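**Student:** I'd like to ask you about the structure that follows.
Taken together, the values in this text are just the output of simple stated rules run on the coordinates, not laboratory data. Computed from a predicted structure; not experimentally measured. Counting neighbours? That spans all protein chains shown, and the Cβs are built from the backbone with ideal geometry, glycine included.
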Amino acid sequence: MSCECKTRHQAATGLECAQCSAGSAKSSVGNQTWTACLAGEFADSIGSTSCKSCGTESPVAGATATPGTGIPSVDVCTCEMGFFLDTATNTCVSCLLGSFKDLVGAHLCTLCGSSTDILVNKHGAGSVAATSINQCVLCPSNSGQEAGSITSFSLMASVYDCVCM
């Protein structure tokens, strides 16, 4: 006797079929195995018939997914480099001029001019959604930031934020 597994299931032991695990899907009847979701996709429930795209079916608008296969959770859908997660709107928003984000994730953009030694006395010189520290360039000679005003929240968006010393 030959049996076929229904959608969302694959052959297990004997005549039994098992549901697809989270992070995989199977949309047809038969004894083929389920397929792991690809990078940029997720299947957040057991027994899925298809994988969902982080870009269009995630609660995070404009999201991508961390690389990998068999992604079981929408939690891997996150913001690309140059974008941060605005928690008020649950949307990926571009980094402001004078900031950058060089990693995929929901974390905030790093500000040119912030208190990190490598960024003090540097201003933004690129565009919004910057993905590299190279976006931040040194202030002209004899100018920079006032020592008392440097914090982790010191945005130096342009050369006009550099003050004469």
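**Student:** How do 117, 161, 86 rank when sorted from fewest to most other Cβ atoms within 10 Å of their own Cβ?
**Tutor:** 117, 86, 161
**Student:** Further, regarding this structure: As an exercise, use a Förster radius of 41 Å and the Cβ-Cβ distance of residue 118 and residue 73 to find the FRET efficiency, rounded to the nearest 0.05.
**Tutor:** For R0 = 41 Å, the calculated efficiency reads 0.75.
**Student:** Out of the GluC sites (Glu not before Pro) in the stretch 8-64, which ones are loop residues according to DSSP with at most 16 other C-beta atoms within 10 Å?
**Tutor:** Loop-located and lightly packed - 16.
**Student:** Can you sort 164, 37 so the residue with the fewest Cβ neighbours within 10 Å comes first?
**Tutor:** Going from least to most buried by this count: 164, 37.
**Student:** A further question on this structure: For 112, 54, 17, 139, what's the fewest-to-most ordering of other Cβ within 10 Å of each Cβ?
**Tutor:** If I rank by nearby Cβ atoms, fewest first, I get 17, 139, 54, 112.
**Student:** Please figure out what share of the DSSP beta bridges in the chain is antiparallel and state it in percent, rounded to the nearest 5.
**Tutor:** Counting DSSP beta bridges with both partners in the chain, the antiparallel share is about 85 percent.
**Student:** Okay, moving on. Using a cut-off of 22 Å between alpha-carbon atoms, which lysines can reach residue 26, once sequence neighbours fewer than 8 places away in the same chain are excluded?
**Tutor:** Qualifying lysines at Cα under 22 Å: 6, 52.
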